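Novice: Can you read through this structure? Questions will come right after.
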């Protein structure tokens, strides 16, 4: 349930972040904009970081529900999801620690400092295109929902919502790789709607299944 809430916060924050601070933005423009108005970006990073930490408890619980449907696929994709969420937590906590200081150094530094900070901006991200953070998690999302639907482990509407969520995860990867911002924006809108529905609904199912 907390993961669902975190995705609502992250999605809303992303939609409100200045254009200069979104994916594919010019590094110099990003740092200058962040120094002036960091609030929405920081909210987004906090939401993703905490949501990833919470999700480390979600993946084993959800995977256990569907493990009997296909042991191999569930085991492999759950490992991918755990790695993806772990990388996400480290990456977004890293942003929270480094971006404010880098942005301050950029706006107060000389031309050489500005050039150096802008040049190595891309090195801050641990997974720049989101192959693990979004792609690995999205694959797990797709597998558990397809298996749940095939085995009637949870309701088909919940499984359909999860499949849409898996597609949204991969839209983020496609947006980063192809440098198409609209794909990331579509995924952010989906995150505000789909992610909380699925995670909160799944949370209720797990609570009901607990002794």
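Novice: Can you name the residue in segment 133-153 that is in contact with a helix residue (DSSP H, G or I) (Cβ under 9 Å, 6 or more places away or on another chain) and not in a helix (DSSP H, G or I) and, of all such residues, is surrounded by the fewest Cβ atoms within 10 Å (Cβ to Cβ)?
Specialist: We begin by selecting, within segment 133-153, every residue in contact with a helix residue (DSSP H, G or I) (Cβ under 9 Å, 6 or more places away or on another chain); these are 133-151, 153.
Of the ones still in play, those that are also not in a helix (DSSP H, G or I) are 151, 153.
Details: 151: 13, 153: 18.
Restricting to residues being in contact with a helix residue (DSSP H, G or I) (Cβ under 9 Å, 6 or more places away or on another chain) and not in a helix (DSSP H, G or I), the top hit is 151.
Novice: Among the residues of segment 93-125, which ones are loosely packed, with under 14 Cβ neighbours inside 10 Å, under 24 Å from the mean Cα position of the chain (by Cα) and more than 16 Å from residue 42 (Cβ to Cβ)?
Specialist: Scanning segment 93-125 gives 120, 122, 123.
Novice: If a residue must be assigned to a helix (DSSP H, G or I) and modelled with pLDDT under 85, how many such residues does segment 154-183 contain?
Specialist: Adding up the residues that qualify gives 1.
Novice: Right, next: May I ask you to list the residues in segment 184-211 that are closer than 30 Å to residue 20 by Cβ, surrounded by fewer than 18 Cβ atoms within 10 Å (Cβ to Cβ) and at pLDDT 85 or above?
Specialist: 186
Novice: Taking segment 130-162, which residues are more than 12 Å from residue 80 (Cβ to Cβ) and under 16 Å from the mean Cα position of the chain (by Cα)? Even if it seems obvious, please write down each step before you answer.
Specialist: First, the residues of segment 130-162 that are more than 12 Å from residue 80 (Cβ to Cβ): 130, 145-162.
Result: 130, 162.
Novice: Would you point out which residue out of 3, 66, 59, 17 is crowded, with 18+ Cβ neighbours inside 10 Å, in contact with a helix residue (DSSP H, G or I) (Cβ under 9 Å, 6 or more places away or on another chain) and either over 21 Å from residue 144 (Cβ atoms) or without any contact (Cβ under 8 Å) to a residue 12 or more places away in the chain (or both)?
Specialist: Among 3, 66, 59, 17, only 17 is crowded, with 18+ Cβ neighbours inside 10 Å, in contact with a helix residue (DSSP H, G or I) (Cβ under 9 Å, 6 or more places away or on another chain) and either over 21 Å from residue 144 (Cβ atoms) or without any contact (Cβ under 8 Å) to a residue 12 or more places away in the chain (or both).
Novice: Also, I was wondering about something else. Among the candidates 186, 197, single out the residue that is out of contact with any strand residue (DSSP E or B) (no Cβ under 9 Å at 6 or more places or on another chain) and either farther than 27 Å from residue 64 by Cβ or outside any helix (DSSP H, G or I) (or both).
Specialist: Answer to the selection: 186.
Novice: May I pose another question? Does residue 47 satisfy the condition of being surrounded by fewer than 18 Cβ atoms within 10 Å (Cβ to Cβ) and either under 24 Å from residue 179 (Cα atoms) or at pLDDT below 95 (or both)?
Specialist: No, not satisfied.
Novice: In contact (Cβ under 8 Å) with a residue 60 or more places away in the chain, assigned to a helix (DSSP H, G or I) and crowded, with 18+ Cβ neighbours inside 10 Å: is that true of residue 11 in this structure? Quick ask: steps written out before the conclusion?
Specialist: On the way: in contact (Cβ under 8 Å) with a residue 60 or more places away in the chain: yes; assigned to a helix (DSSP H, G or I): yes; crowded, with 18+ Cβ neighbours inside 10 Å: yes.
Here the answer is yes, as residue 11 does meet what is asked.
The values are calculated or read from the model by the stated rules, or taken from the named source; none is laboratory data. None of the values given here were measured: they were computed from a predicted structure. With ideal geometry, Cβ positions are generated from the backbone for all residues, glycine too; neighbour counts draw on all protein chains shown.
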